[in-house]
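The values are calculated or read from the model by the stated rules, or taken from the named source; none is laboratory data. Please read all numbers here as calculations on a predicted model, not as lab measurements. Virtual Cβ from ideal backbone geometry, glycine too; neighbours counted across all protein chains shown. Surface accessibility is based on the protein's heavy atoms, side chains included, excluding ligands, DNA and RNA. Shrake-Rupley method; radii C 1.70, N 1.55, O 1.52, S 1.80 Å.
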Amino acid sequence: MTMDQIILFSLFFAVFALLLWGRWRYDLVAFSALMVGVASGVVPYEEAFSGFGHEATLIVGLVLVISAGLVHSGAVYLITRTLLDSGRKLGAHIAIMGGIGAVLSAFMNNVAALGLLMPVDIQAAQKAGRSPGLSLMPLSFATILGGMATLIGTPPNIIISTFRAESLDAPYSMFDFAPVGGLTALAGLAFVALIGWRLIPQPEDGRLTAKELAQYVAELTVPEDSKLIGKRVFELNEDAEKADVAIIGLIRGDRRLYGSARNTKLEAGDALVLEAVPEALDEFRSALNLAFSDERREELLVASGEGLDVLEVVVPGDSRLVGRSAQAVGLSWRQRAVLMGISRKGRRITRQVRRTEIEPGDLLLLLVPKDQGGVIADWLGCLTLADRGLAVTDNTKTWSAIGLFAAAVAAASFGFIHLPIALGMVVVAYLLLRIVPLNELYTSVEWPVIVLLGSMIPLGTALESSGGTELIANGLVSLTNGWPAWAILTALMVVTMTLSDVLNNTATTIVAAPIGISMANSLGVSADPFLMAVAVAASAAFLTPIGHKNNTLILGPGGYRFGDYWRMGLPLEILVVAVSIPLILVFWPL
C-alpha cells in the first residue's frame, strides 16, 4: 500500500466516522477532508475544485431549481388535488399516496416531494381519526423508491451515470434506470402498501396541539403599587428567562399587543400574557410580585384572528436550529416567535423548551405573528406542516412548467440535447416566465449537498487514480472467489446498502461506484451490472432515520423511535435485493 493510498484511506475513514457521529454537518466534514487532501498532496491542486464544476453537481443543482418551479406553478397540487380522499381505507390511502410520491420523486428532488405530500398525509390522518405514524413511514419509503426509476430521480443515479461516462465513454440516459429501478420500486411499493405498514409498531401520538398547550397560557396583572410600572416589557426578559417563562404579549383594556409590546411601558392594571408550566409561572409571579388575573385568556392559542398563528414545523438536518436552542438563535427577539413545545420520537417536551437543544426530526409547535409563519419557517430552515392548500392558482404557469420540463426530458432521452443543457434551458425559461422568482433562484438550491458533491468527487477521483479503489475491489473479488455472478453482485449490494443506511448516500455512491467498476474489470465482465447494483443499493436506505433525509423528516411528525424503522425497512431491503439482482442480470447481462 502506497503512502497516497494510506492518506486517502485515512481521510475516507475519518469522513465516514464523522458522518456517522453526526456532530458536524456533512458538507463541512467533506470540504475539510478535501482541504486536507490538497494540503497533503494526494489531491492535485488543479483538481481541488473540479467537483464543483462536475456534471453531477450541476445536474443536482438544476433539478433542485426545477423542483421548486414545479411547486411554485401548482403542478404538484394539480396531481394531489384530484387524488386525495381522506375517506379511503388505510391500505388504499398508502398505495395511492405512495404512488404519487414515487412518481413525483422520479422527476424531482425526493425530499421536496415528501415535504409537499407530508402535510397532505397528516391532514388525511387527522380527518380519518388515526395516527399519522401509520402512513408517514410508507410515504417516506415510497418517495425514496421512486427516485430509483430515472436518471434525475436521486443523486446516486446521477453520480453513477457520470462514472459510466468517464469509464465507458457514455453516460446513462434518462430512463436506462427504469427496467431495474422502476420495477424494483413497483415491487417495493406493493410490499409497503399490502404488508409493510402492518409491521410498523403503533406510534405514540407525541404531537402537541394548540388546545393542549392552552393550559400553559395565563395572565399576570401589574398591581397598582408595583415597582414594574414605567418599565418596558423587554426589561422583564432576564427574569422571564430565569424562570423559563415566555412573554407572549400585553393586554391593556380591550387592546391586545403582541409583537409590538416589547417596547411598551407598563402601567397599573396591564396584564402580561405568559406561556409557562404552572411551577415556572408561580416562580415568575413571586419574583416580580405580580397578581393573578380574574380572567384567564386560554382562548389565545386558538383565536388566530387575534394576531397570532400556531405553526407546526419539522426540523431537517440542515436547519439553523440543529444543535442549538430557540433561546440561542434568538427566536423570540429576532422573529417575535415563541417555541411552545417539542415532539421528539413520540415524546412531548413542554418544560425548558426554549433551552432544549433541537435535533433533526423534531416537530416544533410555534406561536408566531399572524401571516408570518412561512417567513419564520424559511428563516429557521424548517418545513411547515400547515395545510398548503390544493388549489391551483395559475393554470397557465402550471401547464407551461409541466410542458417545458417534459420537453427537456424527452429531448434528453432521445439524445437531441445533452441533459445538463436541457435542464439549464428549463431553468432559464422558468426564470423568464417567472415560474421561479428570481429572488428565490439560489434559495431553491440545497447548498450543503452541492458542497458535499463538490468536495467528495475530487477525493473519489484521487482514490481511484491512486489505485485505492482497485485495491478494495481486488479484496472483494478474492473474498468472493468462486462465487456465481449473482452472489458477487449481492455482496456488493449488501455492502453498499449497509453503508447507505448509516451514511449519506451521495458519499456512499462516490466510493462504491469506482469499486464496482474495478470489480467488473478484475472479473473481465461488463461494468453495467455492478453500477446498477450500486445505484439501487445506495438509494435503499430504510433501516434507520439517519440513512436518508426523508426518514429523518418523518421522525417527529410520525412519533417514531430510532428502532421502529427496521421493522418495515429490513424486509423491504431484502425484497429490493431479491428483486433487483435478477432484473440486473436480465437487462444488464454480464
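Brief remarks on what is shown
- Working note: Karplus 6.51/-1.76/1.60 with θ = phi - 60° gives segment 46-58 the couplings 5, 9, 4, 10, 5, x, 6, x, 5, 4, 4, 5, 5 Hz, where Gly and Pro are set to x.
- In units of the rule-of-thumb radius 2.2 N^0.38 Å, segment 428-535 shows an alpha carbon radius of gyration of 1.40.
- Spin-label pair residue 264/residue 227, simplified geometry with 7 Å Cα→Cβ offset, distance in nm: 2.4 nm
- Cβ crowding within 10 Å averaged over residues, with 104-111, 421-428, 410-417 ranked highest first: 104-111, 421-428, 410-417
- A run of the chain free of exposed loop cleavage sites, with GluC sites (Glu not before Pro) counted only in DSSP states other than H, G, I, E and B and at most 11 other beta carbons within 10 Å, reaches its longest extent at 296-590.
- Probing with 1.4 Å while keeping every protein chain in the model, the per residue accessible area of the chain equals 41 Å².
- Between residue 433 and residue 347, the modelled label-to-label distance comes to 4.9 nm, taking each label 7 Å out from Cα in the direction of the beta carbon.
- The chain: relative contact order in percent, alpha carbon pairs under 8 Å with at least 6 residues between: 22 percent
- Apportionment of accessible area to carbon and sulfur, the chain, percent (1.4 Å): 59 percent
- Dimensions (Å) - the chain, Cα atoms, principal axes, largest first: 91, 54, 49
- Nearest-20 debye value, the chain charge dipole, Cβ charges on Lys, Arg, Asp, Glu: 800 debye
- Efficiency of FRET between residue 525 and residue 443 - r from beta-carbon atoms, R0 41 angstrom, step 0.05: 0.35
- Judged by the gyration tensor of its Cα atoms, with axes a ≥ b ≥ c, segment 12-79 is oblate; a/c meets the 1.5 cut and b/c is at least as large as a/b.
- For segment 498-528 and segment 545-584, distance of Cα centres in Å: 20 Å
- Shape category assigned to segment 351-494 from the gyration tensor of Cα positions, a/c cut at 1.5: oblate
- Mean residue ellipticity, 222 nm, helices only, the chain: the sum of -39500 (n - 2.57) across DSSP H runs of n ≥ 4, divided by residue count and rounded to 500, is -17000 deg cm²/dmol.
- Working from label points 7 Å from Cα in the Cα-to-Cβ sense, the residue 574 to residue 333 distance is 5.7 nm.
- When the Cα atoms of segment 513-580 are aligned to their principal axes, the ranges along those axes come out at 49, 21, 13 Å in descending order.
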